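Have a look at the structure below before the remarks.
A short reminder: the numbers here are calculations on the coordinates, not readings from a lab. Computed from a prediction, not measured in an experiment: that's the story for all the values here. Methodologically, a virtual Cβ is constructed for each residue, glycine included, from the backbone with ideal geometry; neighbour enumeration extends over all protein chains shown.
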Amino acid sequence: MSTSFDALREVVRGAVIEPQDSEYESARHVFNGMTDKHPAAVLRVSQVADAIAAVRFAHERALDLALRGGGHSAPGFGTVDDGLVLDFSALRGVRVDPAARRAWVEPGATWADYNHATSAFGLASPGGIIGSTGVAGLTLGGGIGYLARKYGLACDNLVAADVVLADGSFVHADAEHHADLFWALRGGGGNAGVVTSFEFELHPVDMVHVGLIFYDAARGVQAGAAYREWLPSQPEEMGAFYGFHQGPPVPFLPEEWHNRPVAVVGGMWTGPVDEGPAHWQPMLDAAPVLGSFFAPLPYPALNVMFDGLSGVRGLQGYWKADFLRTLSDDALRVAVEHAPGIPTPHSANHFYPIDGAVQRVAPDATAFPYRDVGFAPVIAGQWPDAAENAKNVQWVRDYWADLHQYSEPGGYINFQDADDQSRIQDNYGANYARLARIKATYDPDNLFHVNQNIKPAA
């Protein structure tokens, strides 16, 4: 590419890394090892001024622009061929005001960074289930996690944001300032601008009672039906997903079940810790239990518990997602039928509940529209060997095709892959038209298109 990045170097403090530089190979790679792209340059952003200068640089030259926060994007949207990558991994600061119950977060922070900072004050916000996931990407796409039943999605807890727009201007967005932009940031993905600071509401979360229960995957319909009845009967202090894995190599699961298909209920009770065992007991009675783990732990410990399985950088990865009105027996049968094909212990099919506080937010109150469904399923295939790509991608696609017949038209964008762009209008339903109008206002040339892209309204 003929673009000279010398002009960019003159106006930024962060390193501008090009293909001839020794750091280029490490700088170009993202979390998903299947993504093998070669940007023209990577800017390691050192401060907001760098982001402003880089956006202007890319806009003026019509360069493809990729934004990398935590770098955890399943489709590899944190990089792009022949364009410019803004890498925020050096900006991971978290500032907490415990009296006001507010936290300010830089765009490169992960949920492990965030939870470490807030837990010092016995506080937390809804996040994901993997500590290495970026705060930015998860929040902009919605943000489903253990605390969702009690406190809503991550985007529901976003109070304000600082944003660099496509023309390089800088604005502060909240309910009173650039309210339309703020609406779009809460679930609309990275379509509206570069968020350089997030402000979140915090809630009292300290020690939690963690539970993991494993069943034979062949019992998955039985255990899943019990879970379907159990969770809505529980206070919203209980946050737990249902899913299917290869048995992980953990001491509380018999070795004979390692690497064999298992069903699992996992999550936490955030009420008084000593009340936890009684709330988990119905799922211990639901079906024969292969192994279980229960312990009072700090919330951040649960948030990184699965990082050794699903949070491993460099694995090949391919994902699919939907929304389910209910966790029906038909959906559970599909999961059981496909469980023997789960490629590795790094892979999973999870069903995340969407109820409680999530459903108390109106579908048009934020860009995230699916407030009246019961579950967000994800089929996350991850494996180390690129030679297995075709087989394992096909497993994910076949599984999704069988599950989709019981699903809603749209799915959760944070769980979708790069080939799901055709679903973008279904993902946002009645909110899509408003998002397209906001896109036309703030990014009429669609500079921010390396994402699940919303086209500017004509």
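Annotations for the structure displayed:
- Taking 0.36 nm per residue of separation and subtracting the current Cα-Cα distance, fully stretching the chain between K391 and S328 would add 19.9 nm.
- In summary, the aspartates and glutamates within cross-link reach of K391, defined as a Cα separation below 20 angstrom excluding same-chain residues under 8 places away, comprise D36, E337, D402, D417, D419, D420.
- The chain: relative contact order as a whole-number percent, Cα under 8 Å and 6+ apart: 16 percent
- Exposed loop sites, defined as GluC sites (Glu not before Pro) outside DSSP H, G, I, E and B with at most 12 other Cβ atoms within 10 Å, are absent from the longest region of the chain, namely 177-458.
- Formal net charge of residues neighbouring S407 (Cβ-Cβ distance under 10 Å; K, R +1; D, E -1): -1
- FRET efficiency estimate (nearest 0.05) - Cβ-Cβ, D82 to D167, R0 30 angstrom: 0.85
- For D445 and F294, the difference between the fully extended length at 0.36 nm per residue and the C-alpha to C-alpha distance is 49.2 nm.
- Euclidean distance between Cα centres, segment 177-248 to segment 397-449, Å: 20 Å
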